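Take a look at the structure set out below.
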Amino acid sequence: MSQTSAAATAKKPGAARARSAAPPATRLLLMVATRKGAWFFHSDAKRKSWTVDGPHFLGHIISHVMLDPRDGRSLLAAAKTGHLGPTIFRSTNLGRSWKEAVQPPAFTAAPAAGSSLPARSVDHSFWLTPGHASEPGTWYVGTSPQGLFRSDDGGDRWAPLASVNDSAQFREWMGSAQDGTPDGPKLHSVIVDPRDPQHLYFGMSGGGVHESRDGGASWSTLVQGMEVVGGFDPNTITFHDPHCLRICPTQPDRLYQQNHCGIYRLDRRGRAEEDVWQRIGRKMPKRVGDIGFPMVVHPRDPDTAWVFPMDGQDVWPRTAPGGQPAAYITRNAGKTWQRLDQGLPESQAWWTIKRQAMTVDAQAKPALYLGTTSGELWIGREEGAKWQNIARHLPEIYAVEVAELA
Amino acid sequence: MRVMVPAALRSYTRELQVEAEGETLDALFTDLDRRYPGLRFRVVDEQGQLRANMRIFVNGLGVRDMQHGLAADDFVAVVLALSGG
């Protein structure tokens, strides 16, 4: 292990526990997935210093690393290299050792009888989601090209969900790999309702927002109110491009969404005709706009959420607007937004944040975390009010997750 | 037959040259996967196609057809296409 810039006084995790009879010290783990490997950063509840552990899988393209919240120790990493095919690595000891999945996510080798759908191959696993608290060992993964897979054994063997992957309707909405984003169309934002393991959501870039109430056996589409690029028909599902969906943990009938065409909120009241997304991004400053990739929700307050806008004009530079990066927070479910840029570069900063590269912890006063395309890791203390750099010079950051260790 | 594997696959084989069997390239990779579990999927996708940026030479001749026939005394080299970044 070595230490990073903000870790000059880093203490060994768990040291406080040995000195007093106080309750076990909180141990936080930041999981940073990059284009060239994964890094872990350890801290305590104060989050003042961080100890770095890495690289893991140096040279591998790591799309996502997730801790299993049901045991607080198991990790999954979605990996490939520039040449080698995609796989999932698993660790049950916080990354001290890793084992490759016996059966990584893979589409069916032959289309169903009578199907004219072209066969597909997984390019990379993109979005890892632990299953419901009542289903230990269950995981979901969204892939590129778009596919949804499930594991019931802790990520060792993955099975495709035919209701999505082999559905002629979904395949029409997905289009081909060439119809997707430059680094491949993605199935992302796989969400499990904390009240019901059968209630699932996911988003497709592009291809809309979808939900299942029977554990993935059947799906319905949730795009009412979402806008599409001007000149196209919003009734055509393939034109919808949700970038990131989040569910409010303490009010699961509320969803937030960062979309290619704005920021949205959906409050569900149990009547399908009222499932209409509201574009809450219209209250963002006009010079900043409401385009971006990540969406972050408060761990307890469903009225509080964060975004990190990017430049979505003309050719879509996908940089901080004006080279002045900032998060924005709403504390009233999108009625108003406030800029949070204290400590971030004031000018000439042209990085951006990918959809999985911004998150929040669940401490009493939550901190935000973000990883930039230029390889910087930042903490936004006091709910993003004060930003401080944790690490620089990492490879391009794809995903940042934070978890409290068992 | 002798198979030369790239360093990127050494975590599976532990050696840069190994022995394996098969009457076609596809069968050869099935045998390699039996000997070194997980190796095949890193090189050959679920549709039986050689992955992009992977190259295979049989006795020095570039081959992409996984049904290409092999003889016991062939020398098969698995190579990563040269790339940057």
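Here are the numbers for the structure shown:
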read-out: Residue pairs meeting the criteria (Cβ under 6 Å; at least 6 apart or on separate chains; first more than 24 Å from residue A:194 (Cα to Cα), in the stretch A:276-305; second of a type in the set (Asp, Glu) and assigned to a loop (DSSP other than H, G, I, E, B)); value: A:281/A:290; A:284/A:290
read-out: Residues (touching a residue at least 24 places away in the same chain (Cβ under 8 Å), under 15 Å from residue A:121 (Cβ atoms) and of a type outside the set (Gly, Ala, Ser)) located in the stretch A:142-185; value: A:143, A:145, A:146, A:149, A:158, A:160, A:165, A:166, A:171, A:174, A:185
read-out: The lone exception for residue A:118 - which of (1) in contact (Cβ under 8 Å) with a residue 12 or more places away in the chain; (2) surrounded by 15 or more Cβ atoms within 10 Å (Cβ to Cβ); (3) within 14 Å of chain B (Cβ to nearest Cβ) it fails; value: (2)
read-out: Residue within the stretch A:137-156 that is within 13 Å of chain B (Cβ to nearest Cβ), under 17 Å from residue A:88 (Cα atoms), among the charged types (D, E, K, R) and under 21 Å from the mean Cα position of the chain (by Cα) present; value: no
read-out: Unique match (being of a type in the set (Phe, Trp, Tyr) and either in contact with a Lys or Arg (Cβ under 7 Å, 6 or more places away or on another chain) or more than 9 Å from every other protein chain (Cβ to nearest Cβ) (or both)) among B:41, B:75; value: B:75
read-out: Of the criteria (1) open to solvent by less than 40 Å² (accessible area, probe 1.4 Å); (2) over 17 Å from residue A:379 (Cβ atoms); (3) within 22 Å of the chain's Cα centre (by Cα); (4) not acidic (Asp, Glu), which one residue A:55 fails; value: (1)
read-out: Pick from the stretch A:88-113, criterion open to solvent by less than 20 Å² (accessible area, probe 1.4 Å) and more than 7 Å from chain B (Cβ to nearest Cβ), ranking: modelled with the lowest pLDDT; value: A:95
read-out: Index of the failed condition, residue A:405 passing every other in (1) within 21 Å of the chain's Cα centre (by Cα); (2) buried (at least 18 other Cβ atoms within 10 Å of the Cβ); value: (2)
read-out: Output for the stretch B:4-19, where each listed residue is more than 13 Å from chain A (Cβ to nearest Cβ), among the aliphatic types (A, V, I, L, M) and without any contact (Cβ under 8 Å) to a residue 40 or more places away in the chain; value: B:16, B:18
read-out: Residue count, the stretch A:163-201 (criterion: assigned to a helix (DSSP H, G or I), farther than 30 Å from residue A:317 by Cβ and among the acidic types (Asp, Glu)); value: 1
read-out: The stretch A:376-402, residues that are assigned to a loop (DSSP other than H, G, I, E, B) and more than 17 Å from the chain's Cα centre (by Cα); value: A:376, A:385, A:392, A:393, A:394, A:395
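The values are calculated or read from the model by the stated rules, or taken from the named source; none is laboratory data. As the structure is a prediction and not an experimental result, all values here were calculated from the model. Here the Cβ is made from the backbone with ideal geometry for all residues, glycine too, and neighbour counts use every protein chain on show. All accessible areas refer to the heavy atoms of the entire protein, side chains included, with ligands and DNA or RNA removed. Shrake-Rupley method; radii C 1.70, N 1.55, O 1.52, S 1.80 Å.
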